[in-house]
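Here the structure comes first, spelled out in structure tokens, and everything after it is commentary.
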Amino acid sequence: EQSEYGATSTITAVAKDTESGITGYAFTESSSEPTSWTSVDNVITESTYTYKASKNGTIYFWVKDGAGHIVNKTITVTKVDATAPTVTLSLSDETTWTKSKTLTMNFSDNESGLAGYAVTTTETTPTTWTSISGTNISKTQTITANGTYYVWVKDQAGNVSEVASKATTGIPGLETD
């Protein structure tokens with residue numbers, strides 16, 4: 001398994017059968033013998049097989065030979081980050097008239113860590129990000145105009161907050177979702 005978090009974890013298995021040859025292999029998430037195998041043609045030499053795990057848990061690698069013997073090995077995958085980071089927002093001076101307000105943004109991702117954030121005025125996923133790193137970060141931005149502001153955050157594995165958190169400024173205060 002890889003040492004760093006990612007959206008997937010690549011598992012590499014090496015198998016060798018110098019007598020009857022390898023005739024099939026399978027990767028499963030169950031400890032039960034697979035019903036579906038990837039066939040190979042009596043591979044006598046050492047062969048490498050790969051699998052991309054898309055979630056954490058136990059993965060089973062199965063191999064069978066020409067004589068009908070079946071062997072399995074397990075690996076516990078722990079470095080898959082398929083969870084988007086979280087955002088919480090607050091806005092200063094929520095009920096008073098002011099020329100500007102301070103938007104406080106708290107970002108959190110306890111798996112792969114944070115990579116960037118963006119504040120937009122549309123619901124379109126941003127293409128430009130401000131870099132950040134760590135697992136729990138707080139940032140502020142001064143807001144000088146009424147409107148709805150969408151706050152996005154992404155992690156090191158590429159997961160982006162699913163629904164943009166938003167803060168709506170109005171006169172004289174704030175609405176948050």
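The values are calculated or read from the model by the stated rules, or taken from the named source; none is laboratory data. Because the structure is predicted, anything quoted here is derived from the model rather than measured. Don't worry about glycine lacking a Cβ; one is built from the backbone with ideal geometry, like all the others, and counts go over all protein chains shown. In case anyone asks, the SASA skips ligands and DNA or RNA and just uses the protein heavy atoms, side chains included. Shrake-Rupley method; radii C 1.70, N 1.55, O 1.52, S 1.80 Å.
Condition check for Val160 on (1) modelled with pLDDT of 85 or more; (2) open to solvent by 30 Å² or more (accessible area, probe 1.4 Å); (3) within 11 Å of Leu89 (Cβ to Cβ): one failure, at (3).
Checking each residue in segment 91-104 for being assigned to a strand (DSSP E or B) and without any contact (Cβ under 8 Å) to a residue 60 or more places away in the chain picks out Thr102, Thr104. For the residues Lys55, Lys73, the requirement of being touching a residue at least 24 places away in the same chain (Cβ under 8 Å), closer than 30 Å to Glu19 by Cβ and loosely packed, with under 15 Cβ neighbours inside 10 Å singles out Lys73.
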